[in-house]
1. Keeping all protein chains in the complex and leaving out DNA, RNA and ligands, what accessible area do you get for ASP538 with a 1.4 Å probe, in Å² to the nearest 10?
2. Using amide H atoms built 1.01 Å from N in the peptide plane, name the residues 5+ places from TYR278, or on other chains, whose amide H lies under 5 Å from its own.
3. In whole Hz, what ³J(HN,Hα) sequence does region 442-450 give by Karplus (6.51, -1.76, 1.60; θ = phi - 60°), x for Gly and Pro?
4. Give me a comma-separated list of calculated 3J(HN,Hα) values for region 73-83, in order, Karplus coefficients 6.51, -1.76, 1.60 applied at θ = phi - 60°, integers in Hz, x for any Gly or Pro.
5. Using a 1.4 angstrom probe on heavy atoms only, work out the carbon and sulfur share of the accessible area of region 99-186 in %.
6. With every protein chain present, what is the per residue accessible area of region 328-480 (1.4 Å probe, Å²)?
7. Just the accessible area per residue of region 63-165, please: how many Å² with a 1.4 Å probe?
8. Set Lys and Arg Cβ to +1 and Asp and Glu Cβ to -1, take the dipole of region 62-133 about its Cα centre, and tell me which of ASN87, VAL113, HIS124 lies farthest positive.
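The values are calculated or read from the model by the stated rules, or taken from the named source; none is laboratory data. A quick note: this is a predicted structure, and the numbers were derived from the prediction, not measured. Please note: Cβ atoms are built from the backbone with ideal geometry, for glycine as well, and neighbour counts cover all protein chains shown. When the accessible area is computed, the model is the full protein with side chains, heavy atoms only, and any ligands, DNA or RNA have been set aside. Shrake-Rupley method; radii C 1.70, N 1.55, O 1.52, S 1.80 Å.
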Amino acid sequence: MADTITSKTSFVKKFFRKNEDGTWFFVWNAHQIDKEIHDAIERSIAAAVSAASDAHWHESLSHYRKVLLLDENNENAASAIRDILLNHVDAKNGIAFCIDILKSRKDLVPMYVLLSTVYRAAGHTDKAQKAMKRCIEVNGQSWQALCELAAVQLQSGMITDAEKSVASALKTAPDVIQVHLVHVAVALQKKEWEKAIDIAKAAFRFDMKNPALFTQLGIAQYNAGKFTDAYFTLAEAIALNGTNLQALYYAGLSAYKSKNYKESLRFLKLAEAIDSSYDYVQYYLAAVYALQQQYEQAAQHITKQMSNGDMTKEMLDYAGKILEFVGDYQGGIALQYKLLDGSNDDAATYTRIGDLEMRLGNLIDAHSAYTAATNKVPRFARAHSGLGDVYVKQAKMDEAMQEYHIAIECDATLFSAYVGLADAYRLLGDTTEALRYIKIAIDIDAKNPDAMFMYGLIMESLDKSNEAISAYTMTLRFKPTNEEACFRRACLYERNGDYAKAIQSFKNVLVINPRSAEAYFHLATTQVAIARFNAAHDSFQEAVRLLPDSEAMYIGFGMAMERAFQREKALDVYKQAVQQNDSFVNALYQVGRLSHELGYISYTMDVQEKLDFTAPELARKLRILREQTEMMRSA
């Protein structure tokens, strides 16, 4: 036996001595043993940390493995291994690492726990359960094993079993904070919010500075509707750990529910910076931006949320409204298709899809969507009204009126059908019938912007500009973003010679749509009318920047300058048009005409030659003009 012992490692020899009679005895020097082990652990930890700092994860694991084999209760090593296994090596290698250690140390509880954790992260809850059951067989009194088993059971939906495991852990280690964290997690899983709050508050006597406990309490308070309490609790969690993703996210939600949108945005953006795909962080960022009327940013976050995963029906509906508000109708359509679930509610969803396709000008797709709605619910009034709108756009007035009347039969209060009928009769020139139906629509809903807008169109067709202006003003009161109502009112002011109001109204259009070339153009012509030529020039340049290929815009502005006796400036505008696009032959003709009138003979002849080659009819027109001028001069 002595020979066997002496053949062991040098480490063993340090602690054994030979008696005078030749027998061996153990030298009891606990201090020396502890120092040797402590130094070995320190060296291994230093080597592990160094390897990890260079991202040499497998080398780091090898050193941490030595630490655990020397001190199985070393929580720092276990925590470091857990981080590496979950975040820096793939699941296959992580599992292999744990199993390899357990082959030599079947009683190493922390390694069973780590193996189970890796299995859970990889979605193998069945294997995680097997690992923990084996661990419980090894040491049924380990609170770490019982807590991990409870976590596995929670993930598997075995809540009753999880409760039993936690109860056992509480008996084994009633003063260990990790046990109470799992206890709270069970209550949260069961949606017993008040119970979770009570458990969490009671657990603070074991650890007053535990960020995970503050987080769990905050989540419980949030779900219990105690949003202000949750906000302050989660703020404590964040103060203790500023990268706590769950705390940041729920702090953002709690602030949102408390209508503290500034703080909500701050916390949600911090959560997004850590994990942009976490839960519904993109959706709630969109909601906060929408409430602050920053719709473009809201739409961007909705698009990100759509790529991250599913949303609830209420979320999809709200998200669709945000996208529609910013004009992303295609995105709105995509969201509506996600709402289809095979129920009769699909009729409303198909109708909404039809409405959005109409806004995109996709008449065939809109017709298909509305038809799908009527196939789902044959007497769905809004779908029939939508079909009427499609037929109006296709100039099929008989079919349109038939659909509108079906819609009214299904729902006599559906104002959109009356508005549609009014529009159809207006386009047919029957203003009497148009007025009759639009007045019915207004009686149904006097504050509806669509009805007031249609009334304005009818008044315009009757050449009643003041009544039309009043109708458009009412439209904008009910819907300030109605660009067409704002633009038409501005044009009526311009036509009536009320230039101050016209200018302000065109500027209002540009607030709604900063890229409206038509609004810039009319603003320019109105500014010309009141001799604000520099401002008019700037407005016009913005118009042609936005719509550079509109020859009519150049000619219209040039004509306005001529009417204001700014003929040289008008000639510059026509020349600019030709420089922009040499196929603008009508603008070239205007250059020739005005050059001739201003006495620029050589330039006129040059234009004449170009028109002879590119536009013979205009060349002939310019030649006649020159000949008439010569005849008048010789008379």
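1. 100
2. none
3. Once rounded to whole Hz, the list reads 5, 5, 6, 8, 5, 9, 7, x, 5.
4. Karplus values, whole Hz, x for Gly and Pro: 9, 6, 5, 5, 5, 4, 5, 5, 4, 4, 4.
5. About 52 percent, which is the carbon plus sulfur part of the accessible surface.
6. Details: 7140 Å² over 153 residues.
For region 328-480, the solvent-accessible area averages 47 Å² per residue.
7. Working: 4910 Å² over 103 residues.
Value returned for region 63-165: 48 Å² of accessible area per residue.
8. Among ASN87, VAL113, HIS124, the one farthest towards the positive end of the dipole of region 62-133 is HIS124.
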